[in-house]
Structure formats: C-alpha cells, structure tokens
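Values quoted throughout were computed directly from the atomic coordinates according to the rules given, and no laboratory measurement underlies them. These numbers were taken from a predicted model, which means no experiment stands behind them. Because the Cβ atoms are built from the backbone with ideal geometry, glycine has one as well, and the counts that use them run over all protein chains shown.
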C-alpha cells in the first residue's frame, strides 16, 4: 500500500504534508505509513478514494487495472455523484430538472423503469376511464 501512496503522491506532485491535508490526516500518519511503521488504515484509504476521484479503487486496493479510471468510468462516477446529491425545494424545481436532464435520467435503469411503469399506469387509467375493454 505504501508504494501505491508514493505513486499517487508522485503523480500529483504532492509532498507528505499536502497529501495528508487533502485526505484529512496528520502528516505524521503519512510519514509513518511511508516508513513502514504502520499500515494504511481505513481512514487513509477512504480519504484517498474520496479525494482523488480518478484513482481506480481496484488498482489501489487489489492491483487490478490502471491507476486512473478511464473517461467513461469517470463520466459515470460523476453522473452518479451528481444525482445522489440532488435536493429540490419544490415539485416545479424537480420537474424542470427532469425535463432538462431527460436523456441522462433515462440511462439510469431504475429511473427508466419508474417512468415506464408510470406511463403504463396512465395508459391503463385512460383506457379504464374511457370504458375500453382492451
């Protein structure tokens, strides 16, 4: 793990203090990890993966793949983070967001399933109201 941390620090041209600040640990903790005095704990690992979005977690944790995520994976990650952090003050604000982001929203399987079910429900409601026997 210390080799991975060194590689990340070198890639971003960060010293121990700068790196520690970014992942919210004290510089001595990073120094101890790099000297082999302690293992990188959960706080360090989470700090790295939270701050450095483009670091491939599989590379960092299991040495699988490249250090950096490719553009498609970064786009997907950013899209998920954007949608997870949404908050709307009103239904009008939500409706406007949905209208402006329809193409992106329809790529999300759960969302598109909800839309499909809602559309089907509306069609059935119209059919029942008008007295069609289908």
Checklist outcome for this item: Honestly region 33-102 on the Cα gyration tensor test (a ≥ b ≥ c root eigenvalues; a/c under 1.5 rounded, otherwise a/b vs b/c for prolate or oblate) is just oblate
Checklist entry - What is the order of 25, 33, fewest Cβ neighbours within 10 Å to most? => result 25, 33
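Can you give the Rg to Rh ratio for region 2-62, taking only C-alpha atoms and Rh from Kirkwood?
Values: Rg = 10.3 Å, Rh = 11.4 Å.
For region 2-62, the value is 0.91.
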Checklist entry - Using 7 Å Cα-to-Cβ label points, what is the residue 99/residue 12 separation (nm, one decimal)? => result 4.0 nm
